[in-house]
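Worksheet for the structure shown next.
The values are calculated or read from the model by the stated rules, or taken from the named source; none is laboratory data. Please read all numbers here as calculations on a predicted model, not as lab measurements. Neighbour counts are summed over all protein chains in view; Cβ atoms, including those assigned to glycine, are modelled from backbone coordinates with ideal geometry.
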Amino acid sequence: MKFPPEYPDYITPGPIRWRRWGILLAAIWLIGSFLALLLRSTEQAPSGLAFWFFIIGFPSLFWALALAIRYLLLQIGLKNRSSYQQVVEQEQNDWWQERSLGIAIEKVYLIGPLGDEQSLYSGIMTGGTPAPNNPTSLSLRYPLLLNMPTVREQGLAHHLAQQLINSPEIKSRWQSLAYISWFGDEASFQIFIETIKSAVNNISFIRLDLKCIDDMDHVIDVFQQSVDANKWMLCAGTYSLSQSADAIPAGEAGFAWIASQAGNALLHRAEEIDVASDVESGMAARHLERYAHLDDMPECCLAMDQKSMAQFQPGGWSAIEHILAPYWGALGEISPYIAISMSLLHTLDTQQSCGWMSQCTENKMVIGVTVPHGNR
């Protein structure tokens, strides 16, 4: 999990203890009076105002000067502490503001066990799409690649690229593509790009790698800093899990997001939790609610598996009605990106906030949220 920066408290002088200073002044007067009595008993004892000034007045002035200096140091310390606290508060507010940034998504494309018909994936959250048939209980595969036993990620990459090439929303916009963020192996990326280049001329872009969910933070930063109204970003990836370690069938999937300033769904930064750590799931949920400027939990939540839902449910986010494992199977490393894609689809279709949960690795769970763009 990410936490705001913490700074040590500014050390200021303690409060003035007026009782001690009063006792000190009384002691000065008492000692002065005692000395006056001793000197008055001698034959050559001094007298007059000068005598009393040096016996009592001068020590009292010294006491007053010391008290004034002590008070001045206290006021300087309090002023410095106030300025320091303002700087710390501004630093923490800047951190929260940066963490609240997101990437605006205009369109989502998915391929997986339901095929490549996008309306079927939109129907998962509404209950209009039944789970795919799985007679073997061993795997959930992309139906258009059933006869391709090896290198399935590359086949998925080719089919995903074809989806984008045939999309009317971006057919005339390839020349304004600025970045491609890719999740998957290098061979699959080359198949993906070569397929696009075979249909699109003079395409140029800067590549960003998505190796883990934390890389989305960098992608969001690049989007905020470099993608203006005349450019767009493509986030995509494919993955096929050969064998599942759990009872859930092994799955495979591909995703693609069209990110631009015109996007109607905003993907916020995610939070990852190590199940062995002492961090409470509720803290991650509160962070995300603050990132997305939500007063409470999102209007809808989904989970890719039972484990991630069980991890985050105590924090108040429940996805009991939308556990997507029957539709996707076990997806391994790509699971968080499919969770994001499903959440984005729901937000784009309904203009409602949607929380998502997924398992990253055996010991790490991730949680995030999408909101309508302009939710602030």
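Below, the figures for the structure above:
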item: Failed criterion for Ser100 (all others in (1) in contact with a His (Cβ under 8 Å, 6 or more places away or on another chain); (2) more than 30 Å from Pro5 (Cα to Cα) hold); result: (2)
item: Any chance Ser341 is assigned by TED's automatic domain parsing to the domain that holds Met216 and closer than 23 Å to Ile111 by Cα; result: yes
item: Residue within the range 121-144 that is under 19 Å from Phe192 (Cα atoms), in a loop (DSSP other than H, G, I, E, B), in contact with a Phe, Trp or Tyr (Cβ under 9 Å, 6 or more places away or on another chain) and at pLDDT 90 or above present; result: no
item: Filter result for the condition that a residue is in contact (Cβ under 8 Å) with a residue 12 or more places away in the chain, surrounded by fewer than 19 Cβ atoms within 10 Å (Cβ to Cβ) and in contact with a helix residue (DSSP H, G or I) (Cβ under 8 Å, 6 or more places away or on another chain), over Gly282, Gly355; result: Gly282
item: The range 1-29 residues that are more than 26 Å from Ala285 (Cα to Cα), paired with ones that are assigned to a helix (DSSP H, G or I) and among the polar types (S, T, N, Q) (beta carbon under 8 Å, 6 or more apart); result: Tyr10/Asn80; Tyr10/Gln85; Thr12/Asn80; Leu25/Ser60; Ile28/Ser60; Trp29/Ser60
item: Residue within the range 172-182 that is within 23 Å of Ala330 (Cβ to Cβ) and surrounded by fewer than 17 Cβ atoms within 10 Å (Cβ to Cβ) present; result: no
item: Residue under evaluation Tyr327, criteria (1) over 19 Å from the mean Cα position of the chain (by Cα); (2) among the aromatic types (Phe, Trp, Tyr); (3) under 23 Å from Ala259 (Cβ atoms), criterion not met; result: (3)
item: Matching residues, the range 92-128, being more than 20 Å from Gln225 (Cα to Cα) and exposed (fewer than 13 other Cβ atoms within 10 Å of the Cβ); result: Glu117, Ser119, Thr126, Gly127, Gly128
item: Odd one out for Met309 among (1) assigned to a loop (DSSP other than H, G, I, E, B); (2) of a type outside the set (Phe, Trp, Tyr); (3) touching a residue at least 12 places away in the same chain (Cβ under 8 Å); result: (1)
